[in-house]
Amino acid sequence: TSAPTAGTDGSMSICDNSPTAIDLFTIITGEQTGGTWTRLTGTGGTISGSTYTPAAGATTSTFRYIMTGTSPCPNDTSVATINIAPQVIAGTDGSVSICDNSATAIDLFTIITGEQTGGAWTRLTGTGGTFSGNTYTPSAGATTSTFRYIVVGTSPCPNDTSVATINITLQVNAGTNDSVSICDNNTA
């Protein structure tokens with residue numbers, strides 16, 4: 001009687017926002033058919049036969065494949081591990097409108113919403129003003145500007161970005177005050 005072979009352990013990594021069903025047989029190698037799968041660790045997602053479908057909030061999970069041995073041969077097992085990395089969130093784009101005569105510093109985080117910390121800002125468009133870290137201070141002559149916030153994802157999750165737009169409107173100019181003296185009988 002030959003011993004059953006459940007194959008060799010294996011692992012794969014996915015992003016927690018992946019809804020793609022995973023055939024657990026693609027993770028282990030060298031196994032015989034006819035065994036059964038059971039979940040050992042982790043939460044979330046759905047296992048059906050040899051297929052695991054992740055879902056939002058799922059955690060890293062391990063699944064055991066067991067081949068039942070015929071006496072006197074023992075059972076054989078292998079383990080498929082699915083490492084789940086969290087998707088990073090850079091938030092939702094936002095915008096604000098200011099007048100070009102404003103000199104008040106603007107915290108770019110007050111323009112976007114729902115972002116995680118740890119990302120970095122870069123200026124994409126616009127001129128004038130002073131940009132430093134996550135703060136933009138407008139100045140006379142500055143133009144509408146966009147700033148990108150990027151949070152770097154942990155492989156295999158991609159990076160995520162959001163954009164803060166500062167719309168700058170020109171201050172109207174009614175001119176400079178002045179005066180003129182005339183005689184009360186002047187008709188011009």
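The values are calculated or read from the model by the stated rules, or taken from the named source; none is laboratory data. As the structure is a prediction and not an experimental result, all values here were calculated from the model. Note: ideal-geometry Cβ built from the backbone for every residue, glycine included; neighbour counts use all protein chains shown. Ligands, DNA and RNA are stripped out before the accessible areas are found, and what is left, the full protein with its side chains, is counted by its heavy atoms. Shrake-Rupley method; radii C 1.70, N 1.55, O 1.52, S 1.80 Å.
A Cβ distance below 9 Å, combined with a sequence gap of six or more or placement on separate chains, defines the contacts here; from the range 19-36, residues that are under 20 Å from THR68 (Cα atoms) reach residues that are outside any strand (DSSP E or B) and among the aliphatic types (A, V, I, L, M) in the pairs ILE28/ALA6; GLY30/ALA6; GLU31/ALA6; GLN32/ALA6; GLY35/ALA6. Taken over the range 136-153, residues that are open to solvent by 50 Å² or more (accessible area, probe 1.4 Å), over 15 Å from THR117 (Cβ atoms) and of a type in the set (Val, Ile, Thr) amount to 2.
Has the range 24-39 got at least one residue that is surrounded by fewer than 13 Cβ atoms within 10 Å (Cβ to Cβ) and under 12 Å from ILE84 (Cα atoms)? Quick ask: steps written out before the conclusion?
Pass one, the range 24-39, residues surrounded by fewer than 13 Cβ atoms within 10 Å (Cβ to Cβ): 26, 29-30, 33-34, 36, 38.
If we keep only those that are under 12 Å from ILE84 (Cα atoms) too, we end up with none.
Checked against the condition, which is being surrounded by fewer than 13 Cβ atoms within 10 Å (Cβ to Cβ) and under 12 Å from ILE84 (Cα atoms), the range 24-39 yields no hits at all.
The listed residues are THR104, THR110, THR5, THR92, and the only one of them that is more than 30 Å from SER145 (Cα to Cα) and either surrounded by fewer than 16 Cβ atoms within 10 Å (Cβ to Cβ) or out of contact with any helix residue (DSSP H, G or I) (no Cβ under 9 Å at 6 or more places or on another chain) (or both) turns out to be THR5.
This table checks each residue for (1) under 23 Å from PHE25 (Cα atoms); (2) not β-branched (Val, Ile, Thr).
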position	(1), (2)
SER50	yes, yes
ALA55	yes, yes
SER61	yes, yes
TYR65	yes, yes
SER71	no, yes
ILE84	yes, no
ALA103	no, yes
ILE111	no, no
THR122	no, no
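Taking the stated definitions as given, is GLY45 small (Gly, Ala, Ser), modelled with pLDDT under 95 and closer than 23 Å to THR5 by Cβ? Spelling it out, it is not the case that GLY45 is small (Gly, Ala, Ser), modelled with pLDDT under 95 and closer than 23 Å to THR5 by Cβ. The criterion of at least 2 residues that are hydroxyl-bearing (Ser, Thr, Tyr) and over 30 Å from ASP16 (Cβ atoms) is met by the following strands (runs of 3 or more DSSP E) wholly inside the range 89-188: 130-132, 135-137.
For the range 129-188, how many residues meet the condition of being touching a Cys at 6+ places or on another chain (Cβ under 6 Å) and not hydroxyl-bearing (Ser, Thr, Tyr)?
Kept after step one, since they are touching a Cys at 6+ places or on another chain (Cβ under 6 Å), are these residues of the range 129-188: 156-157, 169, 171.
Adding the requirement that they be not hydroxyl-bearing (Ser, Thr, Tyr) leaves 156-157, 171.
The qualifying residues number 3.
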